[in-house]
Every structure is written in structure tokens, then in C-alpha cells.
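Accompanying notes for the structure given below.
The values are calculated or read from the model by the stated rules, or taken from the named source; none is laboratory data. Keep in mind that what you see is a predicted model, and the values were worked out from it rather than measured. No Cβ is skipped: glycine too gets one built from the backbone with ideal geometry, and neighbour counts run over all protein chains shown.
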Amino acid sequence: MNNPFSPELERDLIFLTDKIKAYLDQFKLNYEINYEEFQDIFDETWRVVKIMLKIKDVQDYVERYLYNYIRELAKNNLDENKRNKIVIITNAEG
Amino acid sequence: MQKDDHTPADFLLIAEDVYLSLKEGGKAVATTPHEAAWERLAISLCFFAAFNAALNELKKDEGFVMEYHELIKHGNKNIFRFVIDKALQKFKLDDLLELYELWLNAFFRLPPDYNVDLKDVEKAVKIAGNCLRAMQFI
């Protein structure tokens with residue numbers, strides 16, 4: 001992935017991804033993690049890395065439950081100034 | 001004249017009405033044939049429901065209110081970025097960014113660059129519902 005952010009933020013991204021994987025693996029879930037970049041059309045300096053998490057064979061409410069936990073993980077592991085640089089977007093397929 | 005006492009949830013309710021009308025056929029969309037225009041409108045309503053909810057929550061913080069009014073007074077900053085950034089920092093409301101992207105596509109990328117469809121509306125309604133629920137507006 002071509003990451004336009006600082007090495008520090010890249011470390012946070014890897015750290016957070018590992019935490020998400022460790023959490024999901026305990027439920028033996030079938031999932032896919034990809035990265036995308038958001039860039040605003042009005043302000044090109046506004047760029048955000050999106051962790052795109054696709055969870056397969058689960059209902060919407062399960063995806064929501066997992067997302068809420070993952071969101072807490074991100075809140076607890078990223079300091080306030082970095083929370084607007086990395087976002088997590090989940091999708092259920094099932 | 002009626003008092004303007006709507007809440008962010010009212011925007012979402014209208015968007016849900018449009019979505020259901022498009023999906024199942026109904027009065028709202030039967031009056032005009034422009035399905036894509038309804039879809040773009042519904043996505044905008046979803047975004048503004050979530051955006052207003054986040055703004056209302058952020059305005060409970062005096063520091064935010066001062067900063068917000070300063071920015072409006074000078075008119076030189078992207079207010080969407082300011083509010084969404086703060087919502088991400090304070091509430092980790094990640095879905096709001098996704099909804100902002102859907103709104104950008106719905107409102108600023110017209111055919112042939114972007115063709116909106118019912119799946120976008122479905123996604124927007126779901127995200128807005130989740131955002132409002134997270135902030136206890138519904």
C-alpha cells in the first residue's frame with residue numbers, strides 16, 4: 001500500500017490491524033482486510049487511511065457488534081490526534 | 001407558521017421513506033419519474049442527519065463552539081472537514097467519513113462520472129441509522 005503518512009502513523013496502522021486480526025481470529029471468522037485512501041475533493045490535504053474490513057457469512061447485527069468492539073480498540077489504542085487519520089469501515093456479507 | 005423543531009432523526013425518516021418508496025413503490029417517488037434524483041436526495045438527507053447529529057453533540061463542548069464560530073466568522077475553512085475531524089477524534093464516528101464520501105458522489109459526481117444506485121441509498125440509510133444510534137438520537 002502506498003501510505004502517504006508518517007512512519008509513526010504507519011506503525012499505528014499495522015499495530016491496529018494486528019489487534020483487529022487477533023480479535024476476529026478468536027471467533028474463527030472469515031474476513032478480508034484491505035486498505036483504501038480517502039482524499040477530499042475540496043481540500044486535497046485532507047487524507048485518511050481507511051481499513052476496509054469485510055466480514056463474511058455474518059448477519060448485520062453481528063457485524064455491528066464486532067464493529068463496536070473494534071471501534072473501542074481503535075479509541076483505546078490511538079491517541080486523539082491520530083483518530084482522524086485512520087478509520088475503520090466494516091461490511092457484512094452473509 | 002410552524003416552529004422549526006426538527007431533529008436529525010427527522011432527516012433520516014424522510015430518507016427511509018424515499019428508500020422504501022424506491023424499493024417497494026410508493027407515493028413519494030411516484031409523482032416524478034426521476035429515480036436517480038430521489039436517490040441522490042435521500043443520500044444527502046442521510047448525510048445531513050448524521051452530520052447534524054455529530055454537530056449537536058460536539059456543540060455540548062464550549063471549546064468546540066468557540067472554535068466553530070471563529071471558523072464561520074472568518075469563512076476560510078472547510079466546515080465539513082472541521083466537524084468530521086472532530087467527530088472522528090472525539091467519538092471515533094468512522095462511518096461518518098464513509099457517508100460523506102457517499103454524499104460527495106451523490107451530489108458532486110454526476111453521470112457519466114458517477115451513476116448513483118439503490119445500493120448507495122441502502123448503505124447511506126444504514127450508516128446514518130448507526131451514527132444516530134451511536135449518539136443516542138434514535
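Below are the figures for this structure:
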read-out: Check on B:PHE47, within 13 Å of chain A (Cβ to nearest Cβ), more than 23 Å from A:GLU72 (Cβ to Cβ) and not in a loop (DSSP other than H, G, I, E, B); value: no
read-out: Any chance A:ILE33 is facing chain B (nearest Cβ under 10 Å), touching a helix residue (DSSP H, G or I) at 6+ places or on another chain (Cβ under 9 Å), within 25 Å of B:LEU104 (Cβ to Cβ) and of a type in the set (A, V, I, L, M, F, W, C); value: no
read-out: Hits in segment A:16-38 - residues which are of a type in the set (Phe, Trp, Tyr) and either in contact with a Cys (Cβ under 6 Å, 6 or more places away or on another chain) or closer than 12 Å to A:ILE86 by Cα (or both); value: A:TYR35, A:PHE38
read-out: Given (1) within 12 Å of another protein chain (Cβ to nearest Cβ); (2) among the polar types (S, T, N, Q); (3) not in a helix (DSSP H, G or I), index of the condition A:ASN76 fails; value: (3)
read-out: Sole exception among (1) of a type outside the set (S, T, N, Q); (2) exposed (fewer than 13 other Cβ atoms within 10 Å of the Cβ); (3) modelled with pLDDT under 90 for B:PHE108, by number; value: (3)
read-out: Check on A:LEU53, in a helix (DSSP H, G or I), surrounded by 14 or more Cβ atoms within 10 Å (Cβ to Cβ) and within 14 Å of chain B (Cβ to nearest Cβ); value: no
read-out: Filtered residue count, segment A:58-67, keeping only those that are modelled with pLDDT of 90 or more and under 28 Å from B:ARG81 (Cβ atoms); value: 1
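Listed here are the residues, each with its yes/no results for (1) among the charged types (D, E, K, R); (2) within 14 Å of the chain's Cα centre (by Cα); (3) more than 24 Å from B:ILE138 (Cα to Cα).
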| residue | (1), (2), (3) |
| --- | --- |
| B:SER21 | no, no, no |
| B:ASP61 | yes, no, no |
| B:MET66 | no, no, yes |
| B:ASP95 | yes, yes, no |
| B:TYR114 | no, no, yes |
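Matching residues to (1) at pLDDT below 90; (2) farther than 23 Å from B:ALA36 by Cβ; (3) within 14 Å of another protein chain (Cβ to nearest Cβ); (4) in a loop (DSSP other than H, G, I, E, B):
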residue	(1), (2), (3), (4)
B:GLY63	no, yes, yes, no
B:GLU67	no, yes, no, no
B:VAL83	no, yes, yes, no
B:VAL116	no, no, no, yes
